[in-house]
Amino acid sequence: MYTLERNTPRCRIFWLEGRKFKTNLFLLFFELPLKRDTATKTALLAEVLKEGCRHYPNGRAIATAAEEMYGAVWDISIIKKGEKQLLLFALEAAKAVDTEEGVAFLKALSAEPLVEQEAFPPGVVKRCKEILEKKLAAAKDDKQQYARKRCLQEGAKGTPLEISAEGYEEDIKEIDGKILYEYYTNIFEHAPVKVFFCGDRGEKSKLAALRKIFPGGEPLERLLEEKERPCTAAPVFIKEHMPMEQARLLMAFDTTARWGKRSYAAMLVLNQLFGGDPDSLLFQSLREKEGLCYDIKSYSYPLTGRLFVQTGIQAKDAKKSAVEVLKALESLGEEPAEAKRLEQAKTALLRQYQTIADQPWAMADFSVEQVLGGGERGLEPFLAHIRNVTAEEVCRMANKARLKAIYLLSGKEAAGNAGK
């Protein structure tokens, strides 16, 4: 799916075939380790850099420049990928826009910040701190997303996965323009850089200009490849309460599957059989047969072997629902799936991933995960792993899964019945 044009100590450039698309997609990101003491700085930095740079001194000027590129879409954001935090600069522009113009736009946003006396302007920093505080406060309004985030934090205790890439409200106050600019300088001079370009092959050489922006320097220490770790810690049970009618029950499992390995494909197939679609075991047993939930599904977390179950229930049914989820997983480990059901699950997965090639953003996202995870280069080898998964491999994966956390978010009135 992608080709590597050239490797340098810090900057790697990747090209994705994009002849059939009407736009070119540019992604540039700094690859950062997820750390508690820097997560909020990175999140705040994204907000500050959106406010302007030397060439475009405010957000309105940036928006005008994008509009002049035939209504190009741009953003600066924070993305969490596995145990890494990405400071991402994105631009999607019509092919009528010269590629060099797109490169210059990304260069201005990422490498030419507004600075006053070795610090970001205090007014800009103050405004962006308020924006970030509001974002973090508003995150609790989406109960499903909040519950997913909290379950991940509890189920991945002691690992970088538990850290929020969006930052923490309590850390914002202590950051000022000087501290933030020093942090930006360290990132700019040392962090590994990845550039992805989805467009015509003949245009990819124009991306080489970005290499000159990030020369030399000792790269930040790369995260060591995660080794399989024993799952000996006892699972935790967490209850939290918010004003809400429907309770959310989530369960976190660790399978120890690793991206790029055959075990990862086995985990994906297990997830599909477990709770990935309306024909899955969880949907049929908990919702259709037992009537315990309003909705239920399982999902995997990118670049990790983490598997999650989420469901909407009455809080009084939390214990019974959790027991039924565990029984369903246990049954998948006791007896191999029927050949027809296994093929249906694999076909659904293959269809899902095959659509990636028709969407530039999806193609880029998948390729970014491959590069960060050190997996195969391209979609077809990934799909081949899925096609070759056997029922016995799914069985073994189900038996490897270890419960790490049970998280219940419910209304206060029903909370008293949740543990009975």
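The values are calculated or read from the model by the stated rules, or taken from the named source; none is laboratory data. What you see is a predicted model, and the numbers here were worked out from it, not measured in a lab. Don't worry about glycine lacking a Cβ; one is built from the backbone with ideal geometry, like all the others, and counts go over all protein chains shown.
The figures follow:
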quantity: Breaking point among (1) in a loop (DSSP other than H, G, I, E, B); (2) closer than 25 Å to LYS84 by Cα; (3) not aliphatic (A, V, I, L, M), for GLY291; calculated: (2)
quantity: Cβ-Cβ under 8 Å pairs, at least 6 apart or on other chains, the stretch 165-177 side not assigned by TED's automatic domain parsing to the domain that holds LYS140, far side among the small types (Gly, Ala, Ser) and part of a helix (DSSP H, G or I); calculated: none
quantity: Contacts under 9 angstrom Cβ, first residue in the stretch 257-276 being free of Cβ contacts under 8 Å to residues at least 12 places away in the same chain and within 21 Å of LYS327 (Cβ to Cβ), partner among the small types (Gly, Ala, Ser) and not in a loop (DSSP other than H, G, I, E, B), 6 or more apart; calculated: none
quantity: Flag if ARG127 is closer than 20 Å to ASP75 by Cβ, in contact (Cβ under 8 Å) with a residue 12 or more places away in the chain and part of a helix (DSSP H, G or I); calculated: yes
quantity: Filter result for VAL309 (at pLDDT 95 or above and not hydroxyl-bearing (Ser, Thr, Tyr)); calculated: yes
quantity: Qualifying positions in the stretch 231-260 - part of a loop (DSSP other than H, G, I, E, B), in contact with a helix residue (DSSP H, G or I) (Cβ under 8 Å, 6 or more places away or on another chain) and among the small types (Gly, Ala, Ser); calculated: ALA257, GLY260
quantity: Elements of type helices (runs of 4 or more DSSP H) contained in the stretch 297-378, each with 3 or more residues being of a type in the set (D, E, K, R); calculated: 318-334, 339-354
quantity: Unmet requirement for TYR407, which otherwise passes all of (1) in contact with a Leu (Cβ under 8 Å, 6 or more places away or on another chain); (2) part of a helix (DSSP H, G or I); (3) at pLDDT 95 or above; calculated: (2)
quantity: Residue identified as more than 30 Å from LEU25 (Cβ to Cβ), in contact with a helix residue (DSSP H, G or I) (Cβ under 7 Å, 6 or more places away or on another chain), in the same structural domain as GLU324 (by TED's automatic domain parsing) and free of Cβ contacts under 8 Å to residues at least 60 places away in the same chain among ALA391, ALA405; calculated: ALA391
